[in-house]
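A short write-up of the structure that comes next.
The values are calculated or read from the model by the stated rules, or taken from the named source; none is laboratory data. If you're wondering where the values come from, they're calculated on a predicted model, not measured in any experiment. Note that we place each Cβ from the backbone using ideal geometry, even for glycine, and neighbour counts take in every protein chain shown.
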Amino acid sequence: MGNTIRALVAFIPTDRCQNYVVRDLREMPLDRMVDLSGNRLRRFPVHVCSFQALVKLYLSDNHLDSLPPELGQLQNLQILALDFNDFKALPQVVCTLKQLCILYLGNNKLCDLPRELSLLQNLRTLWVEANYLAQLPDVVCELRLLKTLHAGSNALRLLPGQLQRLRELRTIWLSGNLLTDFPTVLLHMPSLEVIDVDWNSIRYFPSLAHLSSLKLVIYDHNPCRNAPKVAKGVRRVGRWAEETPEPDPRKARRYALAREESQEAQAPAQPLPLPPTSSRGASVVGQYQRPNSSIFRTHLH
């Protein structure tokens, strides 16, 4: 009954009903985090913007397609999750949150990203998976501190050459796109540790042996005629790989990004209490996961 009432309430656009959803949020949470995921919200409860010391805000799995300008008051925000909503364009107010280091935009209806995204120069992790991107927006190449880019399940056919400006980029997930050739720009990015081009249409792989930082390449489910050559010790998941592929590569990818979120979300002036890394994160290579949704993030709270 409680879930039914909550579902009905979220569809009624009144302040009273929105207050029902956030009825427990009368003061700043001690952990500086608000999680309103899965509440079927159609508009953002402006009351949350009064918590100006907020560091983490999760709005995943709702029906949001806009955000109020008051969100700009949350200038301490480091993690913002907007995935699994109805955004057709990224609200401009998000680009004013200059302390953001992790931004989840997956599973929306985005065809592009605004130029103002370049203002987020602290951004380390960007998820734009499962949108309508036919090309990687040029503005992504201006996020100089970006370490993780998840752009899987779009309609990408190539990557821009400017991507090599991202000297800090370590992991790139491109599974489920329309790549017919291995992106040449990745051959000029020696800092990459993880390359995922699973579920594309790549027929030939060039040698990746010169990528000195590479630890994992996932190239399965491509109509390729060869396996990519890699340096000794690099793990490959795909056809003709010498190693036995992990039984569940997708599940095996989750823990690394969970750990990354914990590391990147630390505020230098006021360190946050972080969950301990479990024994599941003991292997360096085994920690690189391709998260597919917001589900695993509940374990970080």
Selection from the stretch 15-36 of residues that are surrounded by 16 or more Cβ atoms within 10 Å (Cβ to Cβ), at pLDDT 85 or above and part of a loop (DSSP other than H, G, I, E, B) | R32, L36
Residue list for the stretch 97-111, filter: surrounded by 18 or more Cβ atoms within 10 Å (Cβ to Cβ) and outside any strand (DSSP E or B) = L97, L100, C101, L105, G106, N107, N108, L110
Scanning the stretch 83-103 for residues that are touching a helix residue (DSSP H, G or I) at 6+ places or on another chain (Cβ under 8 Å) and not hydrophobic (A, V, I, L, M, F, W, C), the one nearest to Y58 (Cα to Cα) turns out to be P91
For Q52, are the conditions met, namely being closer than 19 Å to L103 by Cα and surrounded by fewer than 19 Cβ atoms within 10 Å (Cβ to Cβ)?
-> yes
Among the residues of the stretch 136-152, is there at least one that is more than 26 Å from D86 (Cα to Cα), at pLDDT 95 or above and of a type in the set (D, E)?
-> no
Of all residues in the stretch 144-181, count the ones that are part of a loop (DSSP other than H, G, I, E, B) and touching a strand residue (DSSP E or B) at 6+ places or on another chain (Cβ under 9 Å).
-> 10
Residue among L80, L136 that alone is within 17 Å of T148 (Cα to Cα) and assigned to a loop (DSSP other than H, G, I, E, B) | L136
Tell me which residues, restricted to the stretch 186-207, are surrounded by fewer than 17 Cβ atoms within 10 Å (Cβ to Cβ) and either in contact with a Lys or Arg (Cβ under 9 Å, 6 or more places away or on another chain) or outside any loop (DSSP other than H, G, I, E, B) (or both).
-> L187, H188, S191, R203, Y204, P206, S207
Looking for whichever is in contact with a Phe, Trp or Tyr (Cβ under 7 Å, 6 or more places away or on another chain) and of a type in the set (G, A, S) here; the options are A81, A89, A53. Which one fits?
-> A81
Which of the residues belonging to the stretch 55-76 are aliphatic (A, V, I, L, M) and closer than 14 Å to N107 by Cβ?
-> L59, L64
What residue, of D86, D61, is at pLDDT 95 or above, part of a loop (DSSP other than H, G, I, E, B) and over 23 Å from L136 (Cβ atoms)?
-> D61
Enumeration of residues in the stretch 216-232 that are part of a loop (DSSP other than H, G, I, E, B) and in contact with a Leu (Cβ under 9 Å, 6 or more places away or on another chain) | N222, P228, K229, V230, A231
Residue check, N131 against (1) polar (S, T, N, Q); (2) crowded, with 21+ Cβ neighbours inside 10 Å; (3) farther than 23 Å from L57 by Cβ, all met but one. Which one?
-> (3)
